[in-house]
Amino acid sequence: MSDVLTWLEATALATWTRQSSSLWAYPTVLTFHTVGLGIVVGASAVIDLRLLGVARKISLESLSGLFRLIAWAFALNAATGILLFMADATTKGRQPILYIKLSLIGLALWDTLYARRLLRAAPADDSVARHGRFVAVSSLILWTAAIAAGRLMAYV
């Protein structure tokens, strides 16, 4: 595994991301990663808060378009996250917190897909079963924990 991480970090793309003085390298990749994260978590939070009963005048059906936005922003986050990982693969690849972060993201995405299914099946009166509240709370907790784990990667 160590050889793969060393090779990955030595690729031209990883070297450019890490060492280039261009504003388009690490600073822009990190900025896009942050923006993507804000969109994913922000849109998810809107859905979660609505499932918890906030802003009941907004129909659940009208929130379905947010899932497409979440998908595009997550694709941006995945691409930029790979570039950020490549730039420091030998260090990041040995950090247990990275695997905790990735696990939390996986669980949060599963939760988001479940919320999408709930919204699709929501009755016309917008009532959602009790487990809709559980899905919303777990989503908020999982995304918050994933963000915290991501920040801890700089210090652990």
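The values are calculated or read from the model by the stated rules, or taken from the named source; none is laboratory data. Predicted, not measured: the structure shown is a model, and the values here were computed from it. Glycine gets a Cβ as well: all are built from the backbone with ideal geometry, and neighbour counts include every protein chain shown.
Numerical summary
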| quantity | calculated |
| --- | --- |
| Close pairs from segment 83-112: first touching a residue at least 24 places away in the same chain (Cβ under 8 Å), partner of a type in the set (Ser, Thr, Tyr) and not in a helix (DSSP H, G or I), Cβ under 7 Å, at least 6 apart | MET86/THR11 |
| Segment 52-82 - residue that is surrounded by 14 or more Cβ atoms within 10 Å (Cβ to Cβ), among the hydroxyl-bearing types (Ser, Thr, Tyr) and free of Cβ contacts under 8 Å to residues at least 60 places away in the same chain and, of those, nearest to LEU30 (Cα to Cα) | THR80 |
| Filtered residues of segment 55-95 (kept if closer than 27 Å to TYR114 by Cβ, outside any helix (DSSP H, G or I) and among the small types (Gly, Ala, Ser)) | ALA55, SER59, SER64, GLY65 |
| Verdict on THR91 being at pLDDT 95 or above, surrounded by fewer than 16 Cβ atoms within 10 Å (Cβ to Cβ), more than 18 Å from the chain's Cα centre (by Cα) and hydroxyl-bearing (Ser, Thr, Tyr) | yes |
| Count of segment 2-51 residues which are touching a residue at least 60 places away in the same chain (Cβ under 8 Å), closer than 19 Å to ASN77 by Cα and loosely packed, with under 14 Cβ neighbours inside 10 Å | 1 |
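Conditions tested, residue by residue: (1) more than 19 Å from GLY132 (Cβ to Cβ); (2) touching a Pro at 6+ places or on another chain (Cβ under 9 Å); (3) not small (Gly, Ala, Ser).
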{"residue": "ALA25", "(1), (2), (3)": "yes, no, no"}
{"residue": "HIS33", "(1), (2), (3)": "yes, no, yes"}
{"residue": "VAL46", "(1), (2), (3)": "no, no, yes"}
{"residue": "LEU51", "(1), (2), (3)": "no, no, yes"}
{"residue": "ARG56", "(1), (2), (3)": "no, no, yes"}
{"residue": "LEU63", "(1), (2), (3)": "no, no, yes"}
{"residue": "PHE67", "(1), (2), (3)": "no, no, yes"}
{"residue": "ILE70", "(1), (2), (3)": "no, no, yes"}
{"residue": "ASN77", "(1), (2), (3)": "yes, no, yes"}
